[in-house]
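Asks: Take this structure first; my questions come after.
The values are calculated or read from the model by the stated rules, or taken from the named source; none is laboratory data. Nothing here was measured: the structure is a model prediction, and the numbers come from that model. Here the Cβ is made from the backbone with ideal geometry for all residues, glycine too, and neighbour counts use every protein chain on show. We work out accessible area using only protein heavy atoms, side chains counted, and drop any ligands, DNA or RNA first. Shrake-Rupley method; radii C 1.70, N 1.55, O 1.52, S 1.80 Å.
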Amino acid sequence: MAILLAVATAAGIAIAAFVLSFSALWDVATRVWPNRHLSWLGPAVVDATILQATVSLLVVAHSAKPGERRYFWSLLVGAAATSIAGNALHAITPPNQPLTPVVAALIACIPPIFLCLSTHSVVVLTRRVARRPAAARGATGTAPEPLAEASNFDEVEDGLPVGNPELVEDITAALVPAATRETVISRARRIREEHGLATGTAKIAAVLMHRATYPEASLRELAAAGNVHHNTAKKILEVDADRGADLTLV
């Protein structure tokens, strides 16, 4: 009963806050766009952007790319700040008093700016769908099995008892395609030992595997696959290139 009461109270507060905020923003928007039958679209744009950013954050909550989360958090904070500023402006401006030209111009710019940001949000979410290059497809035209997420490699390495590297190799080998599991771990281990990298073997292996599966992947995508900094991924690729061998998926 306590939980139900808390949820019902939160829902009531949300509805009341939305109505009051929307009404205030509508009044401010009417001073910029005098046609009241259209001016309600101004606060609708702001509230819709807040909703889109919130839903998008749920989608990218476990994304391996921190830049996606940062973008949607920035969008959410920016839209919420715009709403708060609009409510504050409504409170300090006398009724029916026109806004200064500068303030009116800033408010008039909000819809096109939020349109661009929302469109970019759609692009970011669409990019999350893996596009497998033709080189990674088999003769039948079907794509290979997707690689394990970087978090799986982290669990494999960080969740094992200390001092048991053979177990790391055995479990990680089961996560990668059969055509390369004989070499990827040993190559990752040699890279780590010979060049004194602090990066874990499993993360190095994840970068190598992603590069082999997606030859056209960017440096940041490779870094996200191994859950490492892009400079670390660059170092791994440079060291691996010096060895003069490439992984091949068949």
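Asks: Of all residues in the range 1-25, count the ones that are more than 29 Å from Val122 (Cβ to Cβ), open to solvent by 80 Å² or more (accessible area, probe 1.4 Å) and β-branched (Val, Ile, Thr).
Replies: 3
Asks: So, in the range 180-199, exactly how many residues are open to solvent by less than 10 Å² (accessible area, probe 1.4 Å) and without any contact (Cβ under 8 Å) to a residue 60 or more places away in the chain?
Replies: Residues flagged as open to solvent by less than 10 Å² (accessible area, probe 1.4 Å) and without any contact (Cβ under 8 Å) to a residue 60 or more places away in the chain within the range 180-199 amount to 3.
Asks: So in the range 45-54, with the set limited to residues that are among the aliphatic types (A, V, I, L, M) and open to solvent by less than 30 Å² (accessible area, probe 1.4 Å), which one is nearest to Thr30 (Cα to Cα)? Walk me through it before giving the result.
Replies: As a first pass, look at the range 45-54 and keep what is among the aliphatic types (A, V, I, L, M): 45-46, 48, 50-51, 53.
Filter once more, so that each one left must be open to solvent by less than 30 Å² (accessible area, probe 1.4 Å): 46, 53.
Details: Val46: 15, Ala53: 25 Å.
Checking each candidate, the answer is Val46.
Asks: Next question. Being in contact with a Ser or Thr (Cβ under 8 Å, 6 or more places away or on another chain) and small (Gly, Ala, Ser) is the filter here, so list the residues in the range 49-77 that pass it.
Replies: Across the range 49-77, the qualifying residues are Ala53, Ser56, Ala64.
Asks: Is it the case that Gly42 is crowded, with 16+ Cβ neighbours inside 10 Å and touching a residue at least 40 places away in the same chain (Cβ under 8 Å)?
Replies: yes
Asks: Go through the range 55-73 and count every residue that is within 11 Å of Ser121 (Cβ to Cβ) and open to solvent by 30 Å² or more (accessible area, probe 1.4 Å).
Replies: Matching residues across the range 55-73 total 3.
Asks: When residues of the range 37-88 are filtered for being among the acidic types (Asp, Glu) and assigned to a loop (DSSP other than H, G, I, E, B), how many remain?
Replies: Residues flagged as among the acidic types (Asp, Glu) and assigned to a loop (DSSP other than H, G, I, E, B) within the range 37-88 amount to 0.
Asks: Continuing with the same structure: In the range 26-36, is there at least one residue being part of a helix (DSSP H, G or I), within 18 Å of Leu99 (Cα to Cα), open to solvent by 80 Å² or more (accessible area, probe 1.4 Å) and at pLDDT below 95? Quick ask: steps written out before the conclusion?
Replies: Residues of the range 26-36 part of a helix (DSSP H, G or I): 26-32, 36.
Pick out the ones that are also within 18 Å of Leu99 (Cα to Cα) and you get 26-32, 36.
Remaining after also requiring open to solvent by 80 Å² or more (accessible area, probe 1.4 Å): 36.
Going one step further and asking which of them are at pLDDT below 95, we end up with 36.
Looking through the range 26-36, at least one residue is part of a helix (DSSP H, G or I), within 18 Å of Leu99 (Cα to Cα), open to solvent by 80 Å² or more (accessible area, probe 1.4 Å) and at pLDDT below 95.
Asks: On to the next question. Only one of (1) modelled with pLDDT of 50 or more; (2) under 25 Å from Ser63 (Cβ atoms); (3) buried (at least 18 other Cβ atoms within 10 Å of the Cβ) is not met by Pro215, so which one is it?
Replies: Tallying (1) modelled with pLDDT of 50 or more; (2) under 25 Å from Ser63 (Cβ atoms); (3) buried (at least 18 other Cβ atoms within 10 Å of the Cβ), Pro215 fails exactly one: (3).
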